[in-house]
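Before any comments, here is the structure.
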Amino acid sequence: MGTFTFRGKTYEMDSSSFLLDIDSWDEDFAEGMARELKIPSGLTKEHWDVIHSIRSTFKTTGRCPLVYETCRMNGLRRKDLKMLFPSGYLRGACRVAGLSYQIGYLGQTYLPQTAEDLNVISANKTYTVDVRGFLVNASDWDEYYAAHRAYDMKIPGGKLNDKHWQIIRYLREKYEKNNAVPTVYETCEANQINLEELEQLFPDGYHRGAVKIAGLQAR
């Protein structure tokens with residue numbers, strides 16, 4: 001925990017330097033944080049449009065918009081957003097908007113993609129795994145855990161895509177319904193892929209790859 005002071009105002013920050021109380025956010029905080037993040041030329045109208053759209057969506061839905069939603073709302077491409085916030089979407093735009101990893105929503109199409117992103121999250125999250133690296137308690141699973149596993153296991157491209165998430169969510173749903181992991185053949189049939197395609201998605205295999213990332217284990 002710590003504090004951030006700008007223009008005579010002091011804001012409480014969490015251990016990862018995100019605003020602790022989202023209701024304490026104001027435009028002074030945004031301008032001060034922009035300086036901390038070395039955003040070129042300070043906040044322009046384009047920056048403010050992004051910031052206000054993020055906060056407005058959060059107030060309306062209770063979650064941060066996904067990165068592609070923010071781009072769409074503001075008529076931006078990903079590279080345009082990157083130019084506005086060089087430190088990234090979560091570590092840049094959302095931080096300036098007063099939102100954090102703890103309250104943000106990381107959906108299917110956007111998850112932490114770099115070691116730095118994962119380190120920020122891991123500072124506040126602990127998972128217990130067995131000697132083989134499987135999650136001990138399936139109920140502890142979340143998308144952050146999947147992101148860690150995908151990064152550690154060198155998933156192609158370094159991140160989970162929509163097809164990965166389709167498989168993962170299928171496994172989770174079947175397990176919660178039946179208290180058992182479906183067979184590889186059931187998974188392929190239900191998701192309309194063959195074994196070769198599954199192997200391309202999860203090079204470590206079905207159980208040591210897909211099932212492990214889903215926070216499950218066959219017993």
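Pairs are defined by a Cβ separation below 6 Å, a sequence spacing of at least 6 or placement on different chains, a first member in region 167-193 that is over 16 Å from Gly205 (Cβ atoms), and a second member that is surrounded by 16 or more Cβ atoms within 10 Å (Cβ to Cβ) and among the small types (Gly, Ala, Ser); the pairs so defined are Arg172/Ala214. Tally the residues that are part of a helix (DSSP H, G or I), open to solvent by 70 Å² or more (accessible area, probe 1.4 Å) and under 21 Å from Asn137 (Cβ atoms), restricting the search to region 175-205. Within region 175-205, residues that are part of a helix (DSSP H, G or I), open to solvent by 70 Å² or more (accessible area, probe 1.4 Å) and under 21 Å from Asn137 (Cβ atoms) number 3. Here Gly215 meets each of (1) in a helix (DSSP H, G or I); (2) modelled with pLDDT of 90 or more; (3) closer than 28 Å to Thr126 by Cβ with one exception, condition (1).
Just a yes or no: is a residue in region 143-158 modelled with pLDDT under 95, closer than 20 Å to Arg219 by Cβ and in a helix (DSSP H, G or I)? Give the derivation first.
Taking region 143-158 first, the residues modelled with pLDDT under 95 are 143-158.
Of the ones still in play, those that are also closer than 20 Å to Arg219 by Cβ are 145, 149.
If we keep only those that are in a helix (DSSP H, G or I) as well, we get 145, 149.
Scanning region 143-158, I find at least one residue that is modelled with pLDDT under 95, closer than 20 Å to Arg219 by Cβ and in a helix (DSSP H, G or I), so the answer is yes.
Within region 43-88, how many residues are among the basic types (Lys, Arg) and in contact with a His (Cβ under 6 Å, 6 or more places away or on another chain)? Summing the residues that are among the basic types (Lys, Arg) and in contact with a His (Cβ under 6 Å, 6 or more places away or on another chain) in region 43-88 gives 0.
The values are calculated or read from the model by the stated rules, or taken from the named source; none is laboratory data. In this text the structure is predicted, and so the values were computed from the model without any measurement. Neighbour counts are summed over all protein chains in view; Cβ atoms, including those assigned to glycine, are modelled from backbone coordinates with ideal geometry. Surface accessibility is based on the protein's heavy atoms, side chains included, excluding ligands, DNA and RNA. Shrake-Rupley method; radii C 1.70, N 1.55, O 1.52, S 1.80 Å.
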